[in-house]
Structures are given as structure tokens and as C-alpha cells.
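Take a look at the structure below.
The values are calculated or read from the model by the stated rules, or taken from the named source; none is laboratory data. This one's a predicted model, so the numbers in the text were calculated from it and none came from an experiment. Positions of Cβ are generated from backbone atoms using ideal geometry, with glycine treated the same way; all protein chains shown enter the neighbour counts. The protein model used for the area step is the full one, side chains on, heavy atoms only, and it has no ligands, DNA or RNA in it. Shrake-Rupley method; radii C 1.70, N 1.55, O 1.52, S 1.80 Å.
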Amino acid sequence: LFAQDDSEDLKINIQLRPRAEFRNGLFTPILEGQKPASFISQRSRIGLNYSKNHKLAIGLSAQVVTTWGNDPQVQTTANDISLYEAWAQLYFNPAWYLKVGRQVLSYDDERILGALDWNNAARKHDAALLGFDKNKFKVNAAFAFNQNAEKVNNTFFDNSLSQPYKSMQFLWMKYKFSNSLSVSALIMNLDTQNKIDSSVSNLQTLGGNIYYKKDKLNVSGTYYFQTGRNPVKNSSSIKTNAWMAAAKADYSFNKKIGLGIGSDYLSGRDMNSTSSNISYFNPLYGTGHKFYGSMDYFYVSSAHDNVGLWDSYVNLNLNAAERLSWQVALHHFESTARVINYSGGKASSTLGNEADVSFGYNVMSDVKLTGGYSQMFTNPSMKYVKNVLPTQSMKSLQNWIWLSININPDILVYKSK
């Protein structure tokens, strides 16, 4: 530390985040005869950030994700330590920079590209990113090319073993018109490879956001469109034509109470559709836990038979005390495509309703206690989209309880004068 000169900054951070869960219908309905699950998982992470002369920045972060008790008391094998971040950022000038290595790609409200911090393992990408940031305009252009291992021939990539795509390119832009109004746009291409004939499929996602915030009102709108082609051997290409739109408005009555309403619409495909074309929207690498209910019935766990989703919700934020805050959210879920019942007829589009209650309590500096209770009120159509067999019955109570403490101090900070 004493060897640092006046142009260098250094920070080391530690995070310990145990989380206890009681799962009685998380991700998918729990059935009669099945017992709830309970466990404690933990993320343990150490990170280092270094910068020099405002021309070079480096980030390194290692993590271990465990479940309490999954390792023997006397360890005979190595723990699974993963490299969460390992990147270097080089500044060509104050506006232009290049960031290379393993990094988090999180943009806008995280609908398409998100950090997924709720998940203990979180999400990262191996990529090169060229950035521009000056005045009111920001631009990021990124490129990634993935392989399962070093090879001497062949470039086939099996995305079931590693990252979910073979290559990625995107361009993201954001412009701030004023302190109240800003817009962003994203153009992204993803390539994946077919195991059978090694053909490459591509998916393009195009869209953006608009944000307006003034005084006590905060309004946002989102639209994305997906297109592309999936080549099929000895057949014509499968076309993609899907879209999503969302709108949200939040109003703060005062420093303690805030109310929000919103709706998300994601296109789907009829369960009895004979078309091979893809009409269901894929949120890709967003943070679905943030949007479609805390019990993660949609997109996080499965595509719920690709019938799409219309999620309308209202949420209440309450700062009950200086250290304590509460959040309450109510969701109503509908499919956006035809749902088919066991006899082959059309079923109701209503999938269910969800109530989420959560709290946060600042125990002390760098220590926060969080927890929550969620309950899903399923409609019979939930059985059809979750592929529950006719002979199986869902339990009447579908709920989830969790409690977590996040200990996240900076244990060493050095800043040049």
C-alpha cells in the first residue's frame, strides 16, 4: 500500500451473503405428495479494483457459491472457485475506452442484459467492449467469440456446456436530453450452433427505452423486436418474429410512501400451433426476477410452453423507519397466446396471481438484512403451461419464504491525493 504513488487508487471488497429459503412451489407448482424444500445457500466473494493515472483500470473478482453442508467436514477435493470478473479498461482519452475480459454487461433496467445479482452465481460475459462517454451521449459496442476449450481444429461450440451463445455483437446508445428525459437503443446479434449439422442460427434483438423523471413522477416505456433465422437441414429456415412492450409509472407521495403501476407484454405461440416459425419473445440475459414476480414462474425457470406473458402489476414502497423499508407487489399473469387444456380445447388465458412482500433492514454500515414472503394463486391454466400431467394435482398452497444477510465491506481503500 505504501508503495502506491499519487496517481493510483486501490480497493479490496469482501461479500458474504448467506440466504435461507423455504420453497413450496418456487419456479413451478409443487404437486400433491411432494414435500417442500429448505436450505441455506451462500455467496462468498472477494474483489479488487485498481486504477492508475485515469488511463488504466483493472477489476478482479473471485467467488464461491455453496449450499451449507454440501462439502464434507474434512475436505478431500478442491472447492469450486470461479472467476466472476477479470477485466482491464484502457482509456485512450477521457471519452474513449476499451474494456477487455470477463465482465458484467448490465444496461438500462436489465430487461435484456442484466447482472442477475439475485442469483448467487450472478451473470458474466467474456467480451471486448469499446465505450464512448461524453457530455449527454454514451455508446457501447461489444464483441464476444466463445469456444469450449483451446483447439487445434474445428470451431464448433456447444453452448449447453458453456456460455449460451457462440458469438455476440451489440451496439448500445443512450442520450440524455435533459435532467428529466433520456432515451436508449440496443441492437444485438447472437449466433448459436446446431449440434446435429453445425449450422449457425442467428437472433437479432432491436429496441430501446424512454425515461422521464420529474419531481415525484417517474415514467418509463420499453419496446423490443426480435428477428432472425434458424437454419434447418433439408428444410427452409425457421424465421423469428417476436416482440415485447412495457410501461411503468412510479409516484412518490413523500419520502416514506411510493406507488407504482405497470404492465409487460411478451409475445407467445399457441400451444396447438403447427407453425415452425418462432413467435415467442426471449428476454435473453435480463434479470427476470426483477420483473415477472419473485417466485420466478416465467422465463427464469422455463418458457412456460412459450405461450408468452402479460404481466400487470402494482407495487407499494414504504420507508417505515430510518433503517427499515417494505415493498409489496401484486401481479396478474395472462398468456398472450392460446392455451390448450387436456382435452384439446381452448383454456382460459389467466395463469394466476402473485403477492410478494419483502423488507430491508440496515443493521449497520455494510450489513443489511433482507427477507420476504411470496404466494402464487394459480389458475387451472397454469397446469397446462407447466406440463403438469392430468393425473397430478397442484397443492392448494404455493409459497416461498426467504431471509438473507448481506455483509459487504470495503476492507482496504487507498485513494491518491
**Asked** If you average the sequence gap of Cα pairs under 8 Å that are 6 or more apart and divide by the length of the stretch 172-295, what percent do you get for the contact order?
**Response** 16 percent
**Item:** Estimated FRET transfer efficiency when R0 is 45 angstrom, pair ASN159-LEU318 (beta carbons, to 0.05)
**Value:** 0.55
**Asked** How much length is gained on full extension from SER263 to ASP197, taking 0.36 nm per residue of separation minus their Cα-Cα distance?
**Response** 19.7 nm
**Fill in**
Full extension between LEU389 and ILE12 adds, at 0.36 nm per residue less the Cα distance, a length in nm of 130.6 nm
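Tell me, what is the percent relative contact order of the chain, built from C-alpha pairs under 8 Å that lie six or more residues apart?
Details: 1050 pairs, mean separation 63.6, N = 417.
With pairs under 8 Å counted, the relative contact order is 15 percent.
Can you give the helix-only mean residue ellipticity at 222 nm for the chain, where every DSSP H stretch with n ≥ 4 adds -39500 (n - 2.57) and the sum goes over all residues, rounded to the nearest 500 deg cm²/dmol?
Details: 1 runs with 5 residues, N = 417.
It lands at 0 deg cm²/dmol.
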**Complete:** In vacuo Debye sum over C-alpha of the chain, base-10 log of normalised intensity I(q)/I(0) at q = 0.11, 0.12 Å⁻¹, listed in q order, is -1.06, -1.28
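Can you work out the accessible area per residue across the chain, with the rest of the protein chains kept in place, probe 1.4 Å, in square angstrom?
On a per-residue basis, the chain sits at 53 Å².
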**Asked** What is the spin-label model distance, in nm, from SER301 to LYS256 if the labels are put 7 Å beyond Cα along the C-beta direction?
**Response** 3.7 nm
**Message:** Sorting check: for 393-401, 107-115, which peptide has the highest mean count of neighbouring beta carbons within 10 Å, and how do the rest follow?
**Reply:** 107-115, 393-401
**Prompt:** In nm, to one decimal, how far is the modelled label at ILE405 from the one at ALA185, with both set 7 Å along Cα→Cβ?
**Reply:** 5.0 nm
**Order by protection proxy (mean Cβ within 10 Å, highest first), peptides 407-416, 11-20** = 11-20, 407-416
**Message:** Which residue fluctuates most in the GNM of the chain (Cα springs below 10 Å): LEU161, LEU186, LEU130?
**Reply:** LEU161
**Fill in**
Taking every other residue with Cβ under 13 Å from the Cβ of GLY286 and scoring Lys and Arg +1, Asp and Glu -1, one gets -3
**Request:** Using the Karplus curve 6.51 cos²θ - 1.76 cosθ + 1.60 with θ = phi - 60°, work out ³J(HN,Hα) for each residue of the stretch 408-414 in order, rounded to whole Hz, and write x for Gly and Pro.
**Result:** 9, x, 8, 8, 8, 9, 10
**Request:** Compute the distance in nm between two label points, each set 7 Å from the Cα along the Cα-to-Cβ direction, one at MET364 and one at GLN204.
**Result:** 5.6 nm
**Item:** Too-long pairs where the Cα-Cα distance tops 22 Å, listed order kept, from LYS136/LYS415; LYS138/LYS166; LYS52/LYS415; LYS166/LYS195; LYS35/LYS383
**Value:** LYS136/LYS415; LYS138/LYS166
**Request:** Convert each backbone phi in the stretch 93-104 into a coupling constant with the Karplus relation 6.51 cos²θ - 1.76 cosθ + 1.60 (shift: θ = phi - 60°), then list the ³J(HN,Hα) values in order as whole Hz, x for Gly and Pro.
**Result:** 7, x, 9, 9, 8, 10, 10, 10, x, 6, 8, 8
**Request:** Give, in nm to one decimal, the length gained when the segment between VAL232 and LYS213 is fully stretched (0.36 nm per residue of separation minus the Cα-Cα distance).
**Result:** 2.2 nm
**Fill in**
Cβ-Cβ cut-off under 9 Å around ILE405, Lys and Arg +1, Asp and Glu -1: the net charge is +3
**Loop-located trypsin sites (Lys or Arg not before Pro) in the stretch 248-308, at most 13 other Cβ atoms within 10 Å (DSSP)** = LYS255, LYS256
**Item:** Share of carbon and sulfur in the accessible heavy-atom surface of the stretch 293-371 [1.4 Å probe, %]
**Value:** 56 percent
**Prompt:** What is the stretch 324-408's relative contact order, in percent, from Cα pairs under 8 angstrom and six or more apart in sequence?
**Reply:** 29 percent
**Request:** Work the Kirkwood hydrodynamic radius out for the stretch 324-381: mean of 1/r over every pair of different alpha-carbon atoms, inverted, in Å.
**Result:** 14.0 Å
